[in-house]
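Undergrad: Input: one structure, supplied below.
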Amino acid sequence: MAVSVSLLFSISICFLASFQDLLLLSVNAQFHNLTQPSVASINYDLYHSSGNLMEEIKALVHRHPEKLTIETVKAANKGYDAEVTVVTYCKEKKENDERSKFRILLSFGQHGRELITTELALRILSILSEEKFLPSVDQASLKSVLDRLVIKVVPMENLNGRKLVEAGDLCERRNGRGVDLNRNWSVDWGKKEKDYDPYEENPGIAPFSEPESQIMRKLAISFEPHVWVNVHSGMEALFMPYDHKNTTPDGLPLQRMKSLLEEVNHLHCKERCMIGSGGGSVGYFAHGTATDFMYDVVGVPMAFTFEIYGDETASSRDCFKMFNPTDLATYDRVLSDWSATFFTIFKLVPHQLGESILKLDKLVSIDEYLDGYLMERRNRYGKKMEVLELGMQEIRTYFRLFLLSSVLLMFMFCSRISKSKCSRPVVSAMPL
């Protein structure tokens, strides 16, 4: 009997101890939940899903064929497929009309988690179609400005990455196979800083390894824009080259870009937007970015990266709130302010660049020629050309070696001819 009582007492003690531990765990969990900020989810009362947004854009284009056209470009690499939709605004479309106008290329949604940028693309297209209007803007004056422009808009560069965000990964910025599209371009590609995070900045296995980047490169080289803007969110800033180093371009290009950005900052940002090179302003260098490629390789006179919104109070876990407005008032303000910003840029560009830039013939480099040639054949023959894409660097190297060896052979041939002439005996014309 004594043993039974003792056993019951021991069991009671163990039960009470376990119950106390469970109670403490429950209290700690409740305290943790209270102290941890809640994570915002996508508010579909404000934001379009990727499918709905693209369908609305297609319907918009269908209603205004005299101003807007749409094209969906598809590409694939090693079993990974991607598509990029491009909307072109051009009034009074005629043959070769693009060559006589200022050309502007805008890209939105390069990072999947930045939904507000794609909403801005839809708002700009709605204003271009005249289904929406900017307040306090003279429509006749705006039409005269737009008559001089061809504007290509990529509303959602990273459709596959956006779908991952909509499936619940709200912090995803990469494409459908885990590559950061804004690290996949060739200028200073692959260099990693000390704080490199592969989840955030994976550059891919090679420059332009990703179909999305390949499509955008071909578009830029064929269109030859005078202005490029890559639109992001995460802060409020107006960046010019360079992203991979703490310097800006020199001379006239710097004056043009800086003058435009300062006016935009004054008119629309109320001086709160950061201005400068991406690499010198953000606090870290970004290697292999689209804007550096556009400026250095494509030769775009004005190449920018705009950051249109950021919530510095948001937790690092709360990616949606960090990169996107979560209330209607802020959402409307961001779209109104930044759509007005872009139409100010449309107005300023002809004055900043001048008509003479339209008459300049662009010099095409060897790299650009090979890029365009291989991309054209890639689109025509599909997977059969993947080996050429992956061997792009080798082909460039061989072509340069061929040119160099040709020059050396020509030099040696000319030198030999010159020596043979000098070694001939001199025959006097007069008899001795």
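The values are calculated or read from the model by the stated rules, or taken from the named source; none is laboratory data. Computed from a predicted model, the values in this text were never measured in an experiment. All Cβ positions, glycine included, derive from the backbone under ideal geometry; neighbour counts span all protein chains shown. When the accessible area is computed, the model is the full protein with side chains, heavy atoms only, and any ligands, DNA or RNA have been set aside. Shrake-Rupley method; radii C 1.70, N 1.55, O 1.52, S 1.80 Å.
Undergrad: Out of all the residues in segment 285-311, which are touching a strand residue (DSSP E or B) at 6+ places or on another chain (Cβ under 7 Å), under 15 Å from Arg103 (Cβ atoms) and not in a helix (DSSP H, G or I)?
TA: If the condition is that a residue be touching a strand residue (DSSP E or B) at 6+ places or on another chain (Cβ under 7 Å), under 15 Å from Arg103 (Cβ atoms) and not in a helix (DSSP H, G or I), then Val300, Met302, Ala303, Phe304 are the ones that fit.
Undergrad: What number of residues within segment 166-176 are in contact with a helix residue (DSSP H, G or I) (Cβ under 8 Å, 6 or more places away or on another chain) and either at pLDDT below 95 or surrounded by fewer than 20 Cβ atoms within 10 Å (Cβ to Cβ) (or both)? Please lay out each step first, then the result.
TA: So in segment 166-176, the residues in contact with a helix residue (DSSP H, G or I) (Cβ under 8 Å, 6 or more places away or on another chain) come out as 166, 170-176.
Right, trim to either at pLDDT below 95 or surrounded by fewer than 20 Cβ atoms within 10 Å (Cβ to Cβ) (or both) and you get 166, 171.
Number of matching residues: 2.
Undergrad: Of the residues Glu83, Glu92, which is touching a Ser or Thr at 6+ places or on another chain (Cβ under 9 Å) and either surrounded by fewer than 18 Cβ atoms within 10 Å (Cβ to Cβ) or at positive phi (or both)? Spell out the reasoning first.
TA: On the way: Glu92 fails: touching a Ser or Thr at 6+ places or on another chain (Cβ under 9 Å).
Criteria check complete, one pass: Glu83.
Undergrad: For segment 348-357: of the residues being assigned to a helix (DSSP H, G or I) and either modelled with pLDDT of 95 or more or open to solvent by less than 40 Å² (accessible area, probe 1.4 Å) (or both), which is nearest to Ile104 (Cα to Cα)? Before the answer, list the steps.
TA: Here is the first cut: in segment 348-357, the residues assigned to a helix (DSSP H, G or I) are 348-353, 355-357.
In the following step, the residues that additionally are either modelled with pLDDT of 95 or more or open to solvent by less than 40 Å² (accessible area, probe 1.4 Å) (or both) were identified as 348-350, 353, 357.
Values: Leu348: 12, Val349: 9, Pro350: 11, Leu353: 12, Ile357: 13 Å.
Of everything passing the filter in segment 348-357, Val349 is nearest to Ile104 (Cα to Cα).
Undergrad: Is it fair to say Pro211 is open to solvent by less than 10 Å² (accessible area, probe 1.4 Å) and in contact with a Phe, Trp or Tyr (Cβ under 8 Å, 6 or more places away or on another chain)? Break it down into steps so the answer makes sense when it comes.
TA: Numbers: open to solvent by less than 10 Å² (accessible area, probe 1.4 Å): yes; in contact with a Phe, Trp or Tyr (Cβ under 8 Å, 6 or more places away or on another chain): yes.
For Pro211, the condition - open to solvent by less than 10 Å² (accessible area, probe 1.4 Å) and in contact with a Phe, Trp or Tyr (Cβ under 8 Å, 6 or more places away or on another chain) - is met.
Undergrad: Also, I was wondering about something else. Considering only residues of segment 188-225 that are part of a helix (DSSP H, G or I) and among the β-branched types (Val, Ile, Thr), which is nearest to Arg113 (Cα to Cα)? Break it down into steps so the answer makes sense when it comes.
TA: Taking segment 188-225 and keeping what is part of a helix (DSSP H, G or I), we get 198-201, 211-223.
Checking the rest, the ones that are also among the β-branched types (Val, Ile, Thr) come to 215, 221.
Working: Ile215: 21, Ile221: 27 Å.
Checking each candidate, the answer is Ile215.
Undergrad: May I pose another question? Can you tell me which residues in segment 309-338 are under 18 Å from the mean Cα position of the chain (by Cα) and either within 23 Å of Glu130 (Cα to Cα) or open to solvent by 10 Å² or more (accessible area, probe 1.4 Å) (or both)? I'd like the intermediate steps shown before the answer.
TA: The first filter runs over segment 309-338 and keeps only residues under 18 Å from the mean Cα position of the chain (by Cα), leaving 309-310, 323-324, 338.
Listed by number, the residues that qualify are Tyr309, Gly310, Phe323, Trp338.
Undergrad: Report yes if Trp228 is of a type in the set (Phe, Trp, Tyr) and either surrounded by fewer than 18 Cβ atoms within 10 Å (Cβ to Cβ) or not in a loop (DSSP other than H, G, I, E, B) (or both), otherwise no. Before you say what the answer is, go through the steps one by one.
TA: On the way: of a type in the set (Phe, Trp, Tyr): yes; either surrounded by fewer than 18 Cβ atoms within 10 Å (Cβ to Cβ) or not in a loop (DSSP other than H, G, I, E, B) (or both): yes.
Criteria met by Trp228.
Undergrad: Return yes when Ser144 is over 29 Å from Thr289 (Cα atoms) and in a helix (DSSP H, G or I) and no when it is not. Please lay out each step first, then the result.
TA: Values: over 29 Å from Thr289 (Cα atoms): yes; in a helix (DSSP H, G or I): yes.
Yes, satisfied.
Undergrad: Checking Ser281 against (1) under 17 Å from Gln352 (Cα atoms); (2) of a type in the set (Ser, Thr, Tyr); (3) modelled with pLDDT under 95, which test does it fail?
TA: Failed condition: (1).
Undergrad: Quick check on segment 319-336. Is at least one of its residues farther than 24 Å from Leu146 by Cβ and in contact with a Cys (Cβ under 7 Å, 6 or more places away or on another chain)?
TA: yes
Undergrad: Looking only at segment 101-134, how many residues end up being hydrophobic (A, V, I, L, M, F, W, C), within 21 Å of Val349 (Cβ to Cβ) and part of a helix (DSSP H, G or I)?
TA: 6
Undergrad: Still on this model: Looking only at segment 207-261, how many residues end up being in contact (Cβ under 8 Å) with a residue 40 or more places away in the chain, acidic (Asp, Glu) and on the phi < 0 side of the Ramachandran plot?
TA: Selection size over segment 207-261: 4.
Undergrad: Does Leu122 satisfy being open to solvent by 10 Å² or more (accessible area, probe 1.4 Å), touching a residue at least 40 places away in the same chain (Cβ under 8 Å), touching an Asp or Glu at 6+ places or on another chain (Cβ under 7 Å) and of a type in the set (A, V, I, L, M, F, W, C)?
TA: Values: open to solvent by 10 Å² or more (accessible area, probe 1.4 Å): yes; touching a residue at least 40 places away in the same chain (Cβ under 8 Å): yes; touching an Asp or Glu at 6+ places or on another chain (Cβ under 7 Å): yes; of a type in the set (A, V, I, L, M, F, W, C): yes.
Considered against the rule, which asks whether it is open to solvent by 10 Å² or more (accessible area, probe 1.4 Å), touching a residue at least 40 places away in the same chain (Cβ under 8 Å), touching an Asp or Glu at 6+ places or on another chain (Cβ under 7 Å) and of a type in the set (A, V, I, L, M, F, W, C), Leu122 comes out as yes.
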